[in-house]
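Working notes for the structure below.
The values are calculated or read from the model by the stated rules, or taken from the named source; none is laboratory data. Here the structure is a predicted model, which means the values were calculated and not measured. Here Cβ is always computed from backbone atoms with ideal geometry, including for glycine, and neighbour counts include all displayed protein chains.
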Amino acid sequence: MTVSEVIAESAPVYPRVLLKLSGEALMGDQGFGLHPPTVNRIALEVKRAHERGIELCLVIGGGNIFRGLSASAQGMDRAQADYMGMLATVMNALGMQSALEGLGIHTRVQSAIPMDTVCEPYIRRRAMRHLEKGRVVIFAAGTGNPYFTTDTAATLRAMEMSCNAIFKGTSVDGIYDSDPKLNPSAQRYDRISYDEVLARNLKVMDASAIALARDNTLPIVVFSLRQEGAMTDVLYGRGRFTVVGP
């Protein structure tokens with residue numbers, strides 16, 4: 001290792017981050033539910049970062065189990081459907097907790113909807129203390145309110161936890177001007193502004209989450225979770241990713 005590599009390895013660009021995962025990221029090639037090998041692979045990425053002293057918290061969606069917006073479109077009351085979606089995120093959080101603790105990583109799940117028999121209620125100061133003690137905190141049940149997505153919940157929790165960035169793990173290595181799976185000539189952005197994301201309707205996160213991040217100058221880093229070690233590389237400013245920022 002060169003001197004510059006040693007310095008880079010000892011000084012992460014983002015020492016405290018919130019990792020945002022979609023529920024679909026946990027289902028692998030299945031059409032529904034949790035795929036344990038996929039969950040374990042993602043947990044291993046979190047472990048690699050955690051072992052380097054990165055303080056980590058997570059927000060996981062629930063779309064692999066239940067999607068409130070889709071149910072609402074089929075006639076279900078929107079608020080009721082959203083509450084059901086929040087419960088799905090708790091199931092995913094518990095699944096990820098199990099995978100992480102199987103790797104020896106101490107975790108805490110905090111839910112915005114109190115359910116004391118399975119996890120802690122969300123208490124900001126307690127969550128901060130968990131991070132300071134080296135525990136991974138998984139925030140479940142969104143904001144606890146209907147009509148808010150887990151993208152917005154992730155941005156809110158990242159600000160409350162004083163995170164340096166939101167890491168959005170996807171199936172591609174950044175943000176493209178069109179779908180790279182459909183267009184081989186799609187161009188990847190190294191960096192793009194919040195306003196450009198909104199104006200181009202690039203679907204990185206929902207508009208409320210992007211606007212909230214913009215108003216608080218919180219970077220959003222989009223990278224591929226499918227590449228082994230990618231998350232750790234991005235934490236140190238290496239690899240392929242896109243930064244949404246000022």
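Brief remarks on what is shown
- Residues of region 133-148 that are over 10 Å from residue 56 (Cα atoms) and either in contact with a Pro (Cβ under 7 Å, 6 or more places away or on another chain) or not in a loop (DSSP other than H, G, I, E, B) (or both): 139, 140.
- Residue within region 174-194 that is closer than 30 Å to residue 104 by Cβ and within 18 Å of the chain's Cα centre (by Cα) present: no
- Taken together, the residues in region 49-79 that are part of a helix (DSSP H, G or I) and either surrounded by fewer than 16 Cβ atoms within 10 Å (Cβ to Cβ) or without any contact (Cβ under 8 Å) to a residue 12 or more places away in the chain (or both) amount to 6.
- Exactly one residue out of 25, 71 is within 17 Å of residue 151 (Cα to Cα) and at pLDDT below 95: that is 25.
- Here residue 179 fulfils each of the conditions (1) in contact with a Leu (Cβ under 7 Å, 6 or more places away or on another chain); (2) among the charged types (D, E, K, R); (3) modelled with pLDDT under 90 apart from (1).
- Residue 95 more than 29 Å from residue 53 (Cβ to Cβ) and surrounded by 14 or more Cβ atoms within 10 Å (Cβ to Cβ): no
- Taking the listed residues 101, 5, the one that is farther than 23 Å from residue 168 by Cβ, at pLDDT 95 or above and in a helix (DSSP H, G or I) is 101, with no other qualifying.
- Some residue of region 226-240 being part of a loop (DSSP other than H, G, I, E, B), within 28 Å of residue 69 (Cα to Cα), in contact (Cβ under 8 Å) with a residue 24 or more places away in the chain and not aromatic (Phe, Trp, Tyr): yes
- In region 198-209, the residues that are in contact (Cβ under 8 Å) with a residue 12 or more places away in the chain, over 14 Å from residue 165 (Cα atoms), in contact with a helix residue (DSSP H, G or I) (Cβ under 9 Å, 6 or more places away or on another chain) and assigned to a helix (DSSP H, G or I): 198, 208
- Among all residues of region 162-169, there is at least one that is of a type outside the set (Phe, Trp, Tyr) and at pLDDT below 95.
- The residue of region 161-197 that is surrounded by the most Cβ atoms within 10 Å (Cβ to Cβ), among those that are of a type in the set (A, V, I, L, M) and assigned to a loop (DSSP other than H, G, I, E, B), is 161.
- Out of 212, 218, sole residue that is more than 22 Å from residue 92 (Cβ to Cβ), in contact with a helix residue (DSSP H, G or I) (Cβ under 8 Å, 6 or more places away or on another chain) and not in a loop (DSSP other than H, G, I, E, B): 212
- Residue in region 62-76 that is within 24 Å of residue 162 (Cα to Cα) and aliphatic (A, V, I, L, M) present: no
- Among the residues of region 64-80, the ones that are closer than 25 Å to residue 29 by Cα and among the hydrophobic types (A, V, I, L, M, F, W, C) come to 4 in all.
- Some residue of region 38-53 being over 17 Å from the mean Cα position of the chain (by Cα) and among the hydrophobic types (A, V, I, L, M, F, W, C): no
- Annotation for region 112-128: at least one member residue is closer than 24 Å to residue 234 by Cβ, at pLDDT 95 or above, crowded, with 17+ Cβ neighbours inside 10 Å and touching a Lys or Arg at 6+ places or on another chain (Cβ under 9 Å).
- Residue list for region 134-155, restricted to those being surrounded by fewer than 22 Cβ atoms within 10 Å (Cβ to Cβ) and either in contact with a strand residue (DSSP E or B) (Cβ under 7 Å, 6 or more places away or on another chain) or not hydroxyl-bearing (Ser, Thr, Tyr) (or both): 134, 135, 144, 145, 146, 148
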